[in-house]
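Trainee: Please see the structure below; I have some questions.
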Amino acid sequence: MNRPVLTSLAAAVLLAALAAGCGPRQPVLHIYTWSDYIKPDLVRRFQQENNCRVVIDTYDSNEAMYAKLKAGATGYDVLFPSSYMVKIMKSQGMIQNLNHEWLPNLRHLDPDYLEMAVDKHLEHSVPYTATITCLGYLGSRVENVEPSWNMLNREDLKGRMTMLDDYRETIGAALKFLGYSLNTLDDAELAEAKEVLLGWKRNLAKFENEQYKTGLASGEFLFVHGYSGDLMQVQEENDDIEIVVPREGSALSFDDMVIPSSAREVELAHRFINFILEPEVAAELTEFIYYLCPNRPSYELLPVEIREDPILFPPPDVVEKL
C-alpha cells in the first residue's frame with residue numbers, strides 16, 4: 001500500500017470519528033437528593049430505558065440543600081425536598097410548575113395521602129415518600145421502656161440518646177408531649193415546648209440526622225429519635241433494635257420530587273418522576289429504603305410482612321395522632 005492510499009484511509013477514519021462525535025448528545029439528568037434514597041438498580045434501568053446518564057449528588061438536610069441552591073448552584077434537574085421546604089422554595093420562585101401531560105402515572109398516587117399533602121393538586125411537587133418520626137432503642141440495653149416522648153427525660157440514658165437535628169421535628173416532639181398541636185402559634189405553648197426541649201437536650205449526646213442510625217446499630221447510642229425508614233433499615237442489621245411510635249403522637253412528613261426553575265433537562269426530569277410513579281418501581285423503592293412511597297397500586301406488590309408492618313402502614317389510632 002503506497003503513502004497516498006494510507007493518507008486517504010487515515011482521513012476517512014478521522015472523518016468517521018468526527019461524524020460519530022457530532023451525533024445526538026446523550027442527555028444527563030442531575031439529581032440532588034438524600035443519601036441512599038434511590039435504589040441503584042432502578043437508576044441503571046432508567047438510564048437504559050431513556051438512553052441517558054444520571055448523576056446524583058446528596059445532602060443531609062433541607063437547609064443544606066437550600067443554602068447551596070441559594071448560593072448559586074445550578075444544573076440540577078430533580079430535587080427531593082421535604083414539603084415544608086417545597087413551600088419556601090415555591091414562594092421564592094426556585095421551582096417550576098409540572099406538566100401533567102408528561103406525568104400520566106400521577107393517577108397511581110394514594111388519595112388518602114394526597115389529602116394530607118401540602119400541594120394537593122400536584123401543581124409543582126409530587127410526593128416521593130411519607131414517613132413518621134419514631135423512637136428507636138436497643139431492647140436488651142434499655143429497661144422499662146414506655147412508648148412516650150417522656151423517655152427523653154431519662155437521666156440513666158444521659159449521653160446515649162440523640163434527637164434529629166431539625167427544629168421542626170424537635171419542637172414538634174415537645175409540643176406533642178405537652179398535648180399541643182404541631183401547628184400552634186400560641187406563644188405560651190411554644191415557650192413551654194422550648195423549656196421541655198431544653199430539658200431533653202441535657203440528656204442528649206447530640207442532635208443528629210445521619211450517624212444516629214449506625215450509632216444505634218453499633219451500640220454507641222441506646223435510644224434515638226429518628227425517621228421510620230432509617231430505623232427500619234438499621235433494624236435489618238441489628239434485630240435488637242425496637243421501634244415505637246410515641247403514644248402522645250408524632251409527625252407525618254413527606255419528601256417530594258420537584259423540578260428547579262434552572263433545570264436544563266425538564267422533559268427528562270418529568271420522565272424520571274413518571275418512572276418513579278410506576279407501581280412496580282414504587283414497590284421496589286419502598287422495599288429498598290423502607291420509606292412508604294404513597295402509590296396505591298404498589299401496595300399489593302409488596303411482601304406481606306411489609307404490608308402488615310405497623311410502622312410503614314400505621315393503624316387508624318396512630319394516624320389520627322399524626
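Values quoted throughout were computed directly from the atomic coordinates according to the rules given, and no laboratory measurement underlies them. Model, not experiment: these values are computed from the prediction. Neighbour counts run over all protein chains shown; Cβ positions are idealised from the backbone, glycine included.
Trainee: Just how large is the dipole of segment 22-103 about the Cα centre, in debye to the nearest 20, putting +1 at every Lys and Arg Cβ and -1 at every Asp and Glu Cβ?
Mentor: Using only the charged Cβ atoms, the result is roughly 140 debye.
Trainee: Now for a different question. Taking the Cβ of each residue in 100, 108, 121, 270 as the centre, tally the other Cβ atoms inside 10 Å and list the residues starting with the fewest. Mind dumping the intermediate values first?
Mentor: Numbers: 100 12, 108 16, 121 8, 270 21.
Going from least to most buried by this count: 121, 100, 108, 270.
Trainee: Mind checking the dipole of segment 219-322: about its Cα centre, +1 per Lys or Arg Cβ, -1 per Asp or Glu Cβ, Debye to the nearest 20? Can you show the working numbers first?
Mentor: Working: 6 positive and 22 negative charges, 109 e Å.
Taking the Cα centre of segment 219-322 as origin, the dipole is about 520 debye.
Trainee: Sequence neighbours fewer than 8 away in the same chain don't count; with that in mind, list the aspartates and glutamates whose C-alpha is under 14 Å from residue 70.
Mentor: Of all the aspartates and glutamates, none pass the test against residue 70 - Cα under 14 Å, at least 8 places apart if same chain.
Trainee: Once fully extended, how much extra length lies between residue 317 and residue 206, figured as 0.36 nm per residue of separation less the alpha-carbon to alpha-carbon distance?
Mentor: Taking 0.36 nm per residue and subtracting the Cα distance, the gain is 36.8 nm.
Trainee: Residue 287 to residue 91: extension gain in nm, 0.36 nm per residue of separation minus the Cα-Cα distance?
Mentor: Details: separation 196, 0.36 × 196 = 70.56 nm, distance 3.39 nm.
Full extension from residue 287 to residue 91 adds 67.2 nm.
Trainee: Just to be sure I understand the rule: take each whole DSSP H helix in the chain, project its Cα atoms onto its long axis, keep it if the span is 20 Å or more and its mean Kyte-Doolittle hydropathy is at least -1.0. Which ones pass? List each step's numbers first, then the result.
Mentor: Working: long enough: 3-21 (27 Å, 1.68); 187-201 (21 Å, -0.14).
Membrane-span-like by this criterion, though nothing is claimed about a membrane: 3-21, 187-201.
Trainee: Farthest toward the dipole's positive end in segment 131-252, which of 162, 200, 224, given Cβ charges of +1 (Lys, Arg) and -1 (Asp, Glu) about the Cα centre?
Mentor: Checked the options; the winner is 200.
Trainee: Another one. If the elastic network links every pair of Cα atoms under 10 Å, which of 178, 268, 292 fluctuates the most in the Gaussian network model of the chain?
Mentor: 178
Trainee: What distance in nm separates the simple spin-label points at residue 158 and residue 118, each placed 7 Å from Cα in the Cβ direction?
Mentor: Rounded to a tenth, the inter-label distance reads 3.8 nm.
Trainee: In the Gaussian network model of the chain, springs joining C-alpha atoms below 10 Å, which of 253, 140, 125 carries the largest mean-square fluctuation?
Mentor: So, out of 253, 140, 125, the one fluctuating most is 140.
Trainee: The list (1) 22.8; (2) 21.7; (3) 19.5 gives values of Kirkwood radius over Cα pairs in Å, and only one came from this structure; which label was calculated from it?
Mentor: (2)
Trainee: Pairs to check: 90/206; 87/201; 39/176; 158/194. Give those whose C-alpha atoms are more than 22 Å from each other in this structure. Present the calculation step by step, with values, prior to reporting the outcome.
Mentor: Numbers: 90/206 32 Å; 87/201 29 Å; 39/176 34 Å; 158/194 19 Å.
Correct reply: 90/206; 87/201; 39/176.
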